[in-house]
Amino acid sequence: GIEVNPDYSPAFREKGELYAKMRKYPLALESYEKYMKLSDNDDDTKFRYASFLFMTQDYKDSKALINQLFAKGYSNKIGYRLLGYSDYELGDSLSSVSNLELFFKQTDSSKYIPSDFLYYGRALVKTGKAADGIKNLSKAFAMDSTSNYELLLEMAEISNTKLKDYSLTIYYYEKASKKFKPRFNDLYNLGRAYYFEKRYADADTTFGTIIANYPKYPYGYTWK
């Protein structure tokens, strides 16, 4: 179609959408840029372009364009999702929490996806609300345990370092051990959690595993 009529803008729009479905986001962005030059470039088009900018990890420009659209009265609830995600990626966790809470308030719960709770949970942890953060990370895991299995290790680490909740630390590490081979830090944190929970036999076994697999590290011996 483009070969027949290189100025036919809808062809570039649809090609961009197809590239996006294939997760070839730089090519999607390129096609959409051509579409914008050939079309009337309305606010919906600009917003879709902002989403492509986000998918190519250009968080700064995506956020700037969405804020520009919102400032002139354009309304799209998904914009708050993208702003929340972009804020987190840019290191502004407070703004991430604020925008994602606006998204949750304005969006039907049937439209929520795992990454909404993933970003929200991580942002809450960054802002010092680790308990609330874990609740939301748990929701993300429950919605898609296959893709998010590594969240178990993340939640174990948060439980251990932020909450000092050793019972919860044990729960997540034990659950993760069914999927992952424990790394040194995982074993070390799990062993200490067993120790603080007075599960000394389990602690002894775990530190013994450290000694067997990492004999040059002193921590296994001292804790054992």
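Key figures for this structure:
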read-out: Relative contact order [Cα under 8 Å, 6+ residues apart], the chain, whole percent; value: 8 percent
read-out: Burial order of peptide ranges 36-42, 16-22 (average beta-carbon count within 10 Å, highest first); value: 16-22, 36-42
read-out: Crossing angle, helix 114-126 versus the chain [Cα axis fit, 0-90 degrees, rounded to tens]; value: 60 degrees
read-out: Cα centroid separation - the range 72-98 against the range 195-224, whole Å; value: 44 Å
read-out: For the range 1-152, alpha-carbon Rg over 2.2 N^0.38 Å; value: 1.16
read-out: 0 to 90° range, to nearest 10: angle between helix 93-106 axis and the chain longest Cα axis; value: 60 degrees
read-out: Per-selection Rg to Rh, the range 121-207 - Cα, Kirkwood hydrodynamic radius; value: 0.98
read-out: With 10 Å bins from 0: P(r) over the range 1-59, alpha-carbon pairs, percent; value: 27, 55, 17, 1
read-out: Among the listed pairs Lys129/Lys162; Lys126/Lys178; Lys181/Lys224, those beyond 19 Å (Cα-Cα); value: Lys126/Lys178; Lys181/Lys224
read-out: Within the range 85-161, chymotrypsin sites (Phe, Trp or Tyr not before Pro) in DSSP loop having at most 16 other beta-carbon neighbours inside 10 Å; value: Tyr149
read-out: Solvent-accessible heavy-atom area per residue, rounded to whole Å², over the range 1-48 at 1.4 Å; value: 68 Å²
read-out: Stokes-Einstein translational diffusion, the range 67-224 - Kirkwood Rh over all Cα pairs, 1.567 mPa s, 4 °C, in µm²/s; value: 75 µm²/s
read-out: Angle in degrees between helix 77-89 and the longest Cα principal axis of the chain, rounded to the nearest 10; value: 50 degrees
read-out: Computed helical MRE - 222 nm, the chain, DSSP H runs ≥ 4 contributing -39500 (n - 2.57), nearest 500; value: -22000 deg cm²/dmol
read-out: Rel. contact order, % - alpha carbon contacts under 8 angstrom, at least six apart, the range 102-160; value: 28 percent
read-out: Candidate residues Arg23, Arg192, Arg199, Arg48: accessible-area rank, largest first, probe 1.4 Å; value: Arg23, Arg199, Arg48, Arg192
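The values are calculated or read from the model by the stated rules, or taken from the named source; none is laboratory data. Predicted model only: the values in this text are computed from it and were never measured. Cβ atoms come from the backbone with ideal geometry, glycine included; neighbour counts cover every protein chain shown. Quick note on the areas: whole protein, heavy atoms, side chains included, nothing else; ligands and nucleic acids left out. Shrake-Rupley method; radii C 1.70, N 1.55, O 1.52, S 1.80 Å.
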